[in-house]
Amino acid sequence: MATSTVGLSPSPLRSLTSSPSLPPRARIAPSLPFASRLKPRLALSPLPAARRRPAGTRRPRVSAALTSLSETEPVSVPADSGELAGRFPSASGVYAVYDGAGELQFVGISRNIAASIAGHRRSVPELCCSVKVGVVDEPDRVALTQAWKSWMEEHMTATGKVPPGNESGNTTWIRQPPKKKPDLRLTPGRHMQLTVPLEELIDRLVKENKVVAFIKGSRSAPMCGFSQRVIGILESEGVDYESVDVLDEEYNYGLRETLKKYSNWPTFPQVFVDGELVGGCDILTSMYEKGELSGLSKK
Amino acid sequence: MASRASGAVLSRAGRIRSKLQSSLEASALEIEDVSHQHAGHAAVRESGAAETHFNVKIVSPKFEGKSLVSRHRLVYDALADELRSGLHALSIVAKTPQEVAPK
């Protein structure tokens, strides 16, 4: 066991005997290939429901607390999403999703299994027919990873196959938070000769992307209150947008002046939709308040 | 340039007022200097300039039938000299007389 990680239980045994707790540092990085958007729900997820085996079955492995994949009964996914919460626990653990033919499609871990299944059902309803759930007590990162590994290994040993949703490059099941997107760069670098004029690079960028926000600073750390508000609005509306940092003097050198001329707009931020300037912070705020941005959401 | 004479004596707020008044025939105009809120702003710190950020509330018949983008452009066009000489950002509320008329 990797004992160097902060927040681990000192021994696997203890994870079965101590009371369940969820230290805030035991977060799962969203970059894990099997984690489906854990972060936003972390604070809301209740303590894991007790589902323990009798004391006699303890073995010095975290997964000892977990029923094996083959022994877990599948639960059918209800047609009505309102019934999901009643059928699946809002606790942490591992879950395996099966399609209509009973083929295992994806094994994931979550801090809120019911919410994750609800998300999958929304995005790929045709692949979500039934789900096996294994609640993990003391769900720190290692315990969850262990649980995931044990189900994956069990399935791969039995079938010789990786579930299609867990194959690398398959993004059907894993939604990366939009914030993780990098800011776009217009040029390969300040000292590189441009073969295409900057105006044209701007023109292509705003026409090839549905929503582009030219902001001061990066989308993860805007350097101006107006840019920050624009990012906040786009994020809260769930808009899938691209961002460009007009202060990036290395990769967007000269962009501020060129963009002001291109858009005939003297200030930043600037938001483009379908190649057209929609406006800056004031206009975006006003559209947001009138509900005019909901059409941009990809949901 | 007509603005040069007045520019020497008026503050930027005063110049903004007179330019918007004359070019947009504003029936109501509120101008508030909020530069202090942006004192830590990188661009402002470097230039050391005062009077960089303003809130402008303007009512003009020239906004009739125009989108928000076009209305803001009219304001920016009227203030092009100011934007070139250190005016950094405007927060604009642009309405037509009809839109502010009590119903």
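The values are calculated or read from the model by the stated rules, or taken from the named source; none is laboratory data. All of these numbers come straight from a predicted model, not from anything done at the bench. In this analysis, Cβ positions are derived from the backbone assuming ideal geometry, glycine residues included, and neighbour counts consider all displayed protein chains. For the accessible areas, the whole protein counts, side chains as well, though only heavy atoms, and no ligand, DNA or RNA atoms are used. Shrake-Rupley method; radii C 1.70, N 1.55, O 1.52, S 1.80 Å.
Okay, here's what the table says:
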read-out	value
Whichever residue in the stretch A:259-283 is more than 10 Å from every other protein chain (Cβ to nearest Cβ) and assigned to a helix (DSSP H, G or I) and, among such residues, is most open to solvent (accessible area, probe 1.4 Å)	A:LYS261
Criterion violated by A:SER294 - all others in (1) over 20 Å from B:SER67 (Cα atoms); (2) without any contact (Cβ under 8 Å) to a residue 60 or more places away in the chain satisfied	(1)
Residues (more than 14 Å from chain B (Cβ to nearest Cβ) and either closer than 12 Å to A:PRO269 by Cα or among the β-branched types (Val, Ile, Thr) (or both)) located in the stretch A:238-258	A:VAL239, A:SER243, A:VAL244, A:THR258
Top-ranked residue in the stretch B:82-103 [being under 14 Å from the mean Cα position of the chain (by Cα) and either among the hydroxyl-bearing types (Ser, Thr, Tyr) or farther than 20 Å from B:GLU32 by Cβ (or both); ranked as surrounded by the most Cβ atoms within 10 Å (Cβ to Cβ)]	B:SER91
A:ARG256 part of a helix (DSSP H, G or I) and of a type in the set (Lys, Arg)	yes
Within the stretch A:120-145, tally of residues that are under 13 Å from A:ILE109 (Cβ atoms) and out of contact with any strand residue (DSSP E or B) (no Cβ under 9 Å at 6 or more places or on another chain)	4
Residue tally, condition under 19 Å from the mean Cα position of the chain (by Cα) and open to solvent by 30 Å² or more (accessible area, probe 1.4 Å), over the stretch A:128-141	1
Candidate set: the stretch A:162-185, residues that are within 30 Å of A:GLY254 (Cβ to Cβ) and at pLDDT below 90; chosen: the one least open to solvent (accessible area, probe 1.4 Å)	A:PRO178
Per-region count, the stretch A:188-236, residues modelled with pLDDT of 90 or more, assigned to a loop (DSSP other than H, G, I, E, B) and among the polar types (S, T, N, Q)	2
Matching residues in the stretch A:200-237 - criterion: being open to solvent by less than 30 Å² (accessible area, probe 1.4 Å), charged (D, E, K, R) and within 14 Å of another protein chain (Cβ to nearest Cβ)	A:LYS216
Number of positions in the stretch B:60-80 that are within 11 Å of chain A (Cβ to nearest Cβ) and over 18 Å from A:LEU284 (Cβ atoms)	3
Residue in the stretch A:212-225 that is in contact (Cβ under 8 Å) with a residue 60 or more places away in the chain and under 21 Å from the mean Cα position of the chain (by Cα) present	yes
